[in-house]
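Written out below as structure tokens is the structure these notes cover.
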Amino acid sequence: MNRGCVGLGVAVVALAVCGIAHAQQGVSATVTMQAQPTVAQVGDVIRLEVQAQVSGSTNVQVELPELSAFDVMSRQVSTPMQFRFGFGNQAQTIQSTTVHRLTLRARQPGTFALGPATALVDGRPFRSNSVTIQVGGAAAPDPDPSAQPPPSAADPTGFDPTAFVRTVVDTPSPYVGQQVTVTVYLYSRQPQINGLNVTQEPTTEGFWVHDLLPPQRTLEAQQQTVNGLSFQVFVLRRFAAFPLRSGPLTVGGTGVTMSSSGIFDIFAPPSAPLSRVGAPITVDVRELPDANRPPGVPHVGTLELSATLDPTQAATGDAVQLTVTARGTGMLRQLTLPDPAAPGLRVLTPEVSDQVTSPRDLVGGARTFRWLIVPEREGTYTLGPFAVPVLDPRTGTYGVARAEALRLTSAGNPVGSATPDPEPGPSLRADERALTLGPIRTRSALARSHAPLVEATWVRWAFALGPMTLLVGLAVLAARRRAQRGPARGPRQASRDARRRLSSARGHADAGRAREFYGAIAQALKEVLEAKLTRAVGSLTHAELRRSLVGRGLAEGLADRVVDELEGCDFARFSAAGVRSEEMQQCLDRARGLLDELERFVPREEVAS
Amino acid sequence: MKRLAAALVLAAALPAPACADSLGEIFERGNAAYFRADYEGATQSYEELLAAGVVDPDVSYNLGAAEAKRGRYGRAVLHFERALWLRPGDDDARQALDEVRAALGRRRAAARGEAEVDAGPPFGEALFGSVSPDVLTVLALVLTLLAFGAGTALLFARRESVRLGLGVVAVVGAALLTVTGLGLAVRSGWLDEGEPAVVLRERAPLREGPDTRAAERGHAPEGQRATIVDRERDWRRVHVPSVGEGWMAAEDVAPVR
């Protein structure tokens, strides 16, 4: 029996585990977190959304990341659900989505890593991504706007045990220009407020006002006990009011209408909307203290001044930009600075831009003045210093916010409406008064040498490259022509050789050597012919030689005489009649004449047959 | 080892040499002096740069402006001429030079009732003055290669049309090369008889010889262009147009280049 009970228990546990595992296998979830924007300034609104999409279970609990670095202005949770029905053998699938939307406000500068958010689905954790938010700007001082003392029974703020509106200021006796933070609360004991409308805005005559709450927000209630009763307290309005004059100034009452319902209202007709109007509140604005008051219109709050000039040197007629920036807290939009002025400077109307922030409900930011300044005369100008008296409202003491003077130098001819120089002193000559030069150069390469390029060695070699190329070309051409001509000599050389051969032939004639004589004559003529025709003629018959000579442009008569002389020399070499010296002399004379005529012969280009 | 230690101790004991101003600081100091109308101080700073070997058209321009403000127009002309030689086509320097010459003329006219001012550059310089020698060098180089290259190709070309084109290129290139070469010669001063210079003093005497006792041949006006043809000790033999040639004290005339 005991064994059976133990076995049954084990089986039950096993089945349960299997069932759970089986069930968990069917559960899935995707959790995402995103923030917009992820880069902000102190006081800016950031929207954070955590979305958990769960499949297979409706038991979802979302744990948000640590948000202590931010003020949670509002929170909204929505859970749309989707059902999918299975048909036949398919199991039913349930999908659900839970979305948490939060409105945060950056409280302090820094880099904050949020997350991950966790969704517990049937006890199983599913984590989201992490989000990093960078917050810039300066941390504001730390008033706690939410801490308010409860009203006493004698408080003339219109206490109503059902609901009432109350206006609170943080400074009942401010200085002129000092920030007064005004908050309008709705105290309600209604069980559930369905609709809430502000029907009457508070009047703020005599104040310059800046809203401190974002335009779109969700009202969140805080619990507070007043006169023994527990109320839900809603912040209807919060704004910074800067009194513009001294004396009593009133913030008017705020009117609101709300409708509400209770759990039992389904059995009763709906109740009429409830209206309430808050009581106005008056602040006693003080004049600024006179003790140690610096000259000028003081700024109430904190202030720092900085000034830049770009560029610091310019030619006359060229504009430069002077920028003065005032940063701090208070009513910066009312801050004015006098235009810089100096003889010889033309100062244009400044461009003013404002950047208003309200970190921790303290209005401040930056106000920037930009002047375009045109120096119309040469010289050195001092712009500034810039100073603004500042009253610290907490201590009631004065200080001075200061930016040091800046120096502008200009050079060049007078331009525009520049007044002429004052009467020249006696030392100035007429030519000096009339001399006008352009501005001097403020930048220079300060080159150390100026060697002309033409003196560089490589340049000279580069110039020689052209003629050298031509010479090389000529040499190549000559070599090519020589190669085409072959071993034959040039006509002139051949002519000279022929003359020498004729001279040697004369020697043969004197010695009576007829064979050698006629051989020399024929050789001389043939060498000249070969040089002219640029071909060997020894293999040609006399008829062919004649045709070749005529074909290359030689006169027919001369060609005939040349051929006849060659034939005569061939015949005479072996003939005894040629032994007579007179005949050899005549032959020599004829050969000389032929050479003279052949030297003047310029053959035509050989036509390919 | 002892010697090394002694040397180290000695080196450490020696006062650190004063760091000289950089060229940029001297330049800025000169500019600052100019801006506050201390033209003499500005001149000193700019001349310090010249003594350090700076050959820069901007320094020359600023020095010319400072000298002009001091009324030393001859020196102003010298430095503006130098700025133009270093950077041809510098309109500001050209304009400033014209202004100073006009001021010279007014001064001379005020003193003597009439004046003649050397207002125009030589013809060659007027023709080629706006082009730097380096540009002319590059141009001449390119034209040389073009002309000779075309001529060389002409030797080997066979087609008549190609030979015609190459011939034209060679001839045109040669013509342009001639003009460019002439310009280069003018800008480089190869055709000058001597060094271009400027007379620095009004009525600077021109003498027969390099001696104060030599007879005077004439006087050269301040700002007048001249040519230095010879040097001997502290004297310069100069040729001054419309005055003649003679010897002038070195302090009265300075070369532009």
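The values are calculated or read from the model by the stated rules, or taken from the named source; none is laboratory data. Quantities reported herein were computed from a predicted structural model and do not represent experimental measurements. Glycine also receives a Cβ, built like all others from the backbone with ideal geometry; neighbour counts cover every protein chain displayed. To get the accessible areas, we keep the full protein, side chains included, count just its heavy atoms, and leave off ligands, DNA and RNA. Shrake-Rupley method; radii C 1.70, N 1.55, O 1.52, S 1.80 Å.
Go through A:475, A:522 for me and flag whichever is in a helix (DSSP H, G or I), within 29 Å of residue A:553 (Cα to Cα) and either open to solvent by less than 80 Å² (accessible area, probe 1.4 Å) or in contact (Cβ under 8 Å) with a residue 12 or more places away in the chain (or both).
On the way: A:475 fails: within 29 Å of residue A:553 (Cα to Cα).
Exactly one residue qualifies, and that residue is A:522.
Being away from chain A (no Cβ under 14 Å), open to solvent by 20 Å² or more (accessible area, probe 1.4 Å) and not aliphatic (A, V, I, L, M) is the requirement here; does residue B:208 meet it? Full working, then the answer.
On the way: away from chain A (no Cβ under 14 Å): yes; open to solvent by 20 Å² or more (accessible area, probe 1.4 Å): yes; not aliphatic (A, V, I, L, M): yes.
Yes: the conditions hold for residue B:208.
Please tell me if residue A:495 is part of a helix (DSSP H, G or I) and not basic (Lys, Arg). Break it down stepwise before answering.
Working: part of a helix (DSSP H, G or I): yes; not basic (Lys, Arg): yes.
Taking the combined requirement at face value, the residue satisfies it.
Considering A:261, A:246, A:271, which residue is open to solvent by 30 Å² or more (accessible area, probe 1.4 Å), among the polar types (S, T, N, Q) and at pLDDT 90 or above? Reasoning before the result, please.
Details: A:261 fails: at pLDDT 90 or above; A:271 fails: at pLDDT 90 or above.
Of the residues listed, the single one that is open to solvent by 30 Å² or more (accessible area, probe 1.4 Å), among the polar types (S, T, N, Q) and at pLDDT 90 or above is A:246.
Restricting to region A:292-339, name every residue that is open to solvent by 30 Å² or more (accessible area, probe 1.4 Å), of a type in the set (Gly, Ala, Ser) and touching a residue at least 60 places away in the same chain (Cβ under 8 Å). Please lay out each step first, then the result.
Here is the first cut: in region A:292-339, the residues open to solvent by 30 Å² or more (accessible area, probe 1.4 Å) are A:292-293, A:295-297, A:302, A:304, A:306, A:308, A:310-313, A:317-319, A:321, A:327, A:329, A:333-334, A:336, A:338-339.
Going one step further and asking which of them are of a type in the set (Gly, Ala, Ser), we end up with A:296, A:306, A:317, A:319.
Answer for region A:292-339, where residues must be open to solvent by 30 Å² or more (accessible area, probe 1.4 Å), of a type in the set (Gly, Ala, Ser) and touching a residue at least 60 places away in the same chain (Cβ under 8 Å): A:296, A:306, A:317.
Answer yes if at least one residue in region A:327-341 is farther than 18 Å from residue A:400 by Cα, touching a strand residue (DSSP E or B) at 6+ places or on another chain (Cβ under 6 Å) and part of a strand (DSSP E or B), and no otherwise.
Within region A:327-341, not a single residue is farther than 18 Å from residue A:400 by Cα, touching a strand residue (DSSP E or B) at 6+ places or on another chain (Cβ under 6 Å) and part of a strand (DSSP E or B).
Collect the residues in region A:193-243 that are part of a loop (DSSP other than H, G, I, E, B) and farther than 29 Å from residue A:102 by Cβ, keeping them in residue-number order. Spell out the reasoning first.
Within region A:193-243, the subset part of a loop (DSSP other than H, G, I, E, B) is A:201-206, A:212-221, A:227-228.
Result: A:203, A:204, A:205, A:206, A:227, A:228.
Yes/no matrix, rows are residues, columns are (1) within 30 Å of residue B:67 (Cα to Cα); (2) more than 14 Å from chain B (Cβ to nearest Cβ); (3) acidic (Asp, Glu):
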position	(1), (2), (3)
A:440	yes, no, no
A:470	no, no, no
A:475	no, no, no
A:501	no, yes, no
A:506	no, yes, no
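Can you find even one residue in region B:47-60 that is hydroxyl-bearing (Ser, Thr, Tyr), in a helix (DSSP H, G or I) and farther than 22 Å from residue B:188 by Cβ?
Looking only at region B:47-60, we keep the residues that are hydroxyl-bearing (Ser, Thr, Tyr), and these are B:60.
Checking which are in a helix (DSSP H, G or I) leaves us with B:60.
Still in the running and farther than 22 Å from residue B:188 by Cβ: none.
Checked against the condition, which is being hydroxyl-bearing (Ser, Thr, Tyr), in a helix (DSSP H, G or I) and farther than 22 Å from residue B:188 by Cβ, region B:47-60 yields no hits at all.
Using beta carbons and a limit of 9 Å, which pairs, at least six apart or on different chains, have the first residue in region A:158-172 and touching a residue at least 60 places away in the same chain (Cβ under 8 Å) and of a type in the set (Lys, Arg) and the second one assigned to a loop (DSSP other than H, G, I, E, B) and open to solvent by 20 Å² or more (accessible area, probe 1.4 Å)?
Between residues of region A:158-172 that are touching a residue at least 60 places away in the same chain (Cβ under 8 Å) and of a type in the set (Lys, Arg) and residues that are assigned to a loop (DSSP other than H, G, I, E, B) and open to solvent by 20 Å² or more (accessible area, probe 1.4 Å), the close pairs are A:166/A:148; A:166/A:155; A:166/A:157; A:166/A:158; A:166/A:159; A:166/A:279.
Restricting to region B:148-171, what's the tally of residues that are in a helix (DSSP H, G or I), open to solvent by less than 30 Å² (accessible area, probe 1.4 Å) and more than 7 Å from chain A (Cβ to nearest Cβ)?
Result for region B:148-171: 3.
I'm trying to understand the selection: among the residues of region B:183-198, which are without any contact (Cβ under 8 Å) to a residue 12 or more places away in the chain and surrounded by 17 or more Cβ atoms within 10 Å (Cβ to Cβ)?
Step one: filter region B:183-198 for residues without any contact (Cβ under 8 Å) to a residue 12 or more places away in the chain, giving B:185, B:190.
B:185 - this is the single residue of region B:183-198 that is without any contact (Cβ under 8 Å) to a residue 12 or more places away in the chain and surrounded by 17 or more Cβ atoms within 10 Å (Cβ to Cβ).
So residue B:96 clears everything in (1) more than 9 Å from chain A (Cβ to nearest Cβ); (2) aliphatic (A, V, I, L, M); (3) in contact with a Leu (Cβ under 7 Å, 6 or more places away or on another chain) except one condition, right? Which one?
(1)
Give the residue, chosen from A:132, A:98, A:162, A:118, that is over 30 Å from residue A:273 (Cα atoms), open to solvent by 40 Å² or more (accessible area, probe 1.4 Å) and at pLDDT 85 or above.
Working: A:98 fails: open to solvent by 40 Å² or more (accessible area, probe 1.4 Å); A:162 fails: over 30 Å from residue A:273 (Cα atoms); A:118 fails: open to solvent by 40 Å² or more (accessible area, probe 1.4 Å).
Only one candidate passes the filter, namely A:132.
Condition first: open to solvent by 80 Å² or more (accessible area, probe 1.4 Å) and farther than 30 Å from residue A:177 by Cα. Now tell me which residues in region A:192-219 satisfy that.
Of everything in region A:192-219, those that are open to solvent by 80 Å² or more (accessible area, probe 1.4 Å) and farther than 30 Å from residue A:177 by Cα turn out to be A:192, A:194, A:197.
Modelled with pLDDT of 90 or more and under 28 Å from residue B:137 (Cβ atoms), is that true of residue B:226? Quick ask: steps written out before the conclusion?
Working: modelled with pLDDT of 90 or more: yes; under 28 Å from residue B:137 (Cβ atoms): yes.
Spelling it out, residue B:226 is indeed modelled with pLDDT of 90 or more and under 28 Å from residue B:137 (Cβ atoms).
Where residues in region B:50-62 are in contact (Cβ under 8 Å) with a residue 24 or more places away in the chain and more than 7 Å from chain A (Cβ to nearest Cβ), which of them is farthest from residue B:201 (Cα to Cα)?
B:52
Show me the strands (runs of 3 or more DSSP E) found entirely inside region A:378-418 where at least 3 residues are open to solvent by 30 Å² or more (accessible area, probe 1.4 Å). Give the derivation first.
Details: elements: A:379-383, A:386-392, A:397-403, A:406-411.
It comes to A:397-403.
Kindly indicate whether residue A:175 is within 14 Å of residue A:284 (Cα to Cα) and either without any contact (Cβ under 8 Å) to a residue 40 or more places away in the chain or buried (at least 18 other Cβ atoms within 10 Å of the Cβ) (or both).
Values: within 14 Å of residue A:284 (Cα to Cα): yes; either without any contact (Cβ under 8 Å) to a residue 40 or more places away in the chain or buried (at least 18 other Cβ atoms within 10 Å of the Cβ) (or both): yes.
It is true that residue A:175 is within 14 Å of residue A:284 (Cα to Cα) and either without any contact (Cβ under 8 Å) to a residue 40 or more places away in the chain or buried (at least 18 other Cβ atoms within 10 Å of the Cβ) (or both).
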